[in-house]
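Readers should treat all values here as calculations from the given coordinates under stated rules, not as data from a laboratory. All values derive from a computational prediction rather than experimental measurement. Reconstructed Cβ throughout: ideal geometry from the backbone, glycine too, with neighbour counts over all protein chains shown.
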Amino acid sequence: MATSRKAITPIISIILLLLMTVVASAGVYFWMNSVQTDLQSSVEGNIVDSFNDKNTQFTIVSTSCNSTADTIKVILMNTGSVDIPSGSLILSVSNSNGAILESIINSSFAGLSQSTSSQYTFTLTTADLIVSTLYTIKITEPSGKSMSDSCTTFG
């Protein structure tokens with residue numbers, strides 16, 4: 001009794017192996033291309049963020065505290081090489097013991113261009129400024145950098 005076995009011919013098996021190799025290679029190519037693109041975008045974003053953080057600088061030109069109106073006027077100047085972005089500008093007022101009396105958020109801060117200055121007025125709502133008292137004023141800009149100054153109230 002003769003058994004007949006059916007198998008694929010050598011030509012068809014070679015064609016199948018080549019097809020599987022091409023499909024596998026294409027899959028690896030597209031996967032690696034995707035990984036490379038994501039990695040490149042991530043590195044590029046980190047470099048830009050790092051550059052902006054290192055080059056964002058500002059200085060407090062002057063500070064004035066008015067006890068009659070409970071207001072603090074601050075003039076800020078962008079001394080860095082990039083614009084300060086818009087966002088929240090935070091002012092903290094501390095007494096001579098270092099206790100924070102009030103923090104005020106200016107959420108309409110429109111940013112500050114390079115080499116420009118601007119005046120901002122903050123009105124205290126929960127604390128009262130006392131005449132001839134020294135206060136420490138701390139300004140924090142949207143990217144998180146802070147600077148402090150002091151003022152003695154008048155009024």
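Of note:
- Across the stretch 132-148, rounded Karplus estimates of 3J(HN,Hα) from the backbone phi angles (6.51 cos²θ - 1.76 cosθ + 1.60, θ = phi - 60°) give 6, 10, 8, 10, 9, 10, 10, 10, 10, 8, x, 7, x, 6, 10, 8, 10 Hz, Gly and Pro being marked x.
- For SER64 and THR79, the difference between the fully extended length at 0.36 nm per residue and the C-alpha to C-alpha distance is 3.3 nm.
- Highest-first arrangement of 109-121, 15-27, where packing means the average Cβ count within 10 Å: 109-121, 15-27
- For the chain, the Rg and Dmax computed from alpha carbons only, in angstrom: 32.2, 119
- Cα→Cβ-extended label distance, 7 Å offset, between LEU18 and ASP128, nm: 9.4 nm
- For THR133, the residues whose amide H sits under 5 Å from its own are THR153, ignoring neighbours fewer than 5 places away on the same chain, with H placed 1.01 Å from N.
- Normalised by the number of residues in the chain, the mean separation of alpha-carbon contacts (under 8 Å, six or more apart) gives a relative contact order of 22 percent.
- The length gained on full extension between LEU101 and ILE47, counted as 0.36 nm times the residue separation minus their Cα-Cα distance, comes to 15.6 nm.
- Hz values of 3J(HN,Hα) by residue in the stretch 17-24 - Karplus curve (6.51, -1.76, 1.60), Gly and Pro given as x: 4, 5, 4, 5, 5, 5, 5, 5
- With the cut-off at under 19 Å, measuring from each backbone N in the stretch 73-87 to a point 7 Å along the Cα-to-Cβ line of SER115 picks out 76-85.
- Calculated translational diffusion coefficient of the stretch 63-123 (10 °C, 1.306 mPa s; Stokes-Einstein with Kirkwood radius over alpha-carbon pairs) equals 124 µm²/s.
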